[in-house]
Amino acid sequence: MAKDTNDMSFLNHLEELRWHLVRSFAVISIIAIAIFTFAETIYEDFLLAHLSENFPTYQWLCNGAHFFGFESNFCTVTFTTSLQSLAPTGQLMNLIWTSLILGLIVSFPYVLWEIWRFISPGLHKKERRKSRAFIFYASFLFFIGVLFSYYVIAPLSVYFFYNFKITDLIENKFDFTTHINLITNTLLGVSLMFELPVIIYFLTKMGLVTPPFLKKYRKMALVLVLILSAIITPPDIASQVVVTIPIMILYEISIFISKRVIKQQQKKNK
């Protein structure tokens, strides 16, 4: 049980935070060890699944093109390149790092719960009851981001890079670590960007942003999202646009959430 914040010194807070971080890292590590144990299955059936012409996204895009009477290259997807490991320790180090990233992704709800346990003693009872829902909504948005990045962004990125050629005189031979990093970075980066409504909610509660502020800087937010999309996704326009559209939709939802928070605060102050 967390101690009452009124009776805790700064060092007590640090000690409390340390144990929340230790427990979070312990859970991440346990899941990472499990992923490490089943590495072959996870790599072949999950991380490298986009290299199969039978991946669902390619089938959906092919069927969609046929439905509208178009021909599509997604109906004849082929990946002729074999991945390579260019360093003696490459496979082991990539497996360790990938296990930790996937461990964080899987344990995200628990990490949120530990964060909530740390901050909840500083809330009033009414605020504490309401804030419990944030774990559900934040986890829901996060895993929607995981699904979106895995089934939309990742396959489009893989297809683009594996089929892009300046000339036939240059043969694509990729280091497997770049492929795995592409998938894991996309999964984690896009999923965190889907947390925007939750972030705006808390920023509004703290009085740092308001609906007029969000509306005024909407164009600036678009530019920022494009920059972030360029960082977490491959440098092709299609992937960046596909990421930007849902994030901007979430931005508009965030404005609505900010309005709700302001209205609730105004009612409370009356």
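Every number here is computed from the coordinates shown, using simple stated rules; none is lab data. All of these numbers come straight from a predicted model, not from anything done at the bench. Because the Cβ atoms are built from the backbone with ideal geometry, glycine has one as well, and the counts that use them run over all protein chains shown.
Would you report the distance distribution of C-alpha pairs in the chain as whole percents per 10 angstrom bin, up to the bin with the largest distance? Computed distribution, short to long bins: 6, 22, 29, 24, 13, 5, 1, 0.
Across all Cα atoms of the range 136-175, the radius of gyration (one decimal) and Dmax (whole number) stand at 15.7, 52 Å. Taking label points 7 Å from Cα along the Cα-to-Cβ direction, TYR217 and MET93 give a separation of 3.8 nm. Coupling constants for the range 166-179 follow from the phi torsions by the Karplus curve (6.51 cos²θ - 1.76 cosθ + 1.60, θ = phi - 60°), and in residue order they are 6, 7, 5, 6, 10, 9, 7, 9, 9, 6, 4, 5, 5, 5 Hz; glycine and proline get x. So for the range 32-190, what percent of the C-alpha to C-alpha distances run longer than 26 Å? That fraction is 43 percent.
The charge dipole of the chain, taken about its Cα centre with unit charges on the Cβ of Lys, Arg, Asp and Glu (plus for the first two, minus for the last two), comes to roughly 2260 debye. Ellipsoid semi-axes for the range 145-220, based on the Cα gyration tensor and the rule √(5λ), read 38, 15, 9 Å when sorted largest first.
Please arrange MET248, MET206 by counting, for each residue, the other beta carbons lying within 10 Å of its beta carbon, fewest first.
Values: MET248 16, MET206 8.
Sorted ascending by nearby Cβ count, the order is MET206, MET248.
Ranking THR78, THR57 by Cβ neighbours within 10 Å, fewest first, what do you get?
On the way: THR78 10, THR57 20.
Ranking THR78, THR57 by Cβ neighbours within 10 Å, fewest first, gives THR78, THR57.
Tally Lys/Arg at +1 and Asp/Glu at -1 over every other residue whose Cβ is under 15 Å from the Cβ of THR98; what's the total? If you can, show how the numbers build up before the last one.
Numbers: positive: none; negative: GLU40, GLU44, ASP45, ASP175.
After counting each charged neighbour, the total is -4.
Structural descriptor for the chain: relative contact order 21 percent, calculated from alpha carbon pairs under 8 angstrom and at least 6 residues apart.
When the listed pairs LYS219/LYS263; LYS165/LYS215; LYS173/LYS219 are checked against a 30 Å cut-off, the alpha-carbon distance exceeds it for LYS165/LYS215; LYS173/LYS219.
Order by neighbour count: ASP45, ASP168, fewest other Cβ atoms within 10 Å first, most last. Could the numbers behind the result be given before it?
Values: ASP45 11, ASP168 6.
With the fewest neighbours first, ASP45, ASP168 line up as ASP168, ASP45.
Here the spin labels are modelled as points 7 Å beyond Cα on the Cα-Cβ line, and at THR41 and LEU14 they lie 4.4 nm apart.
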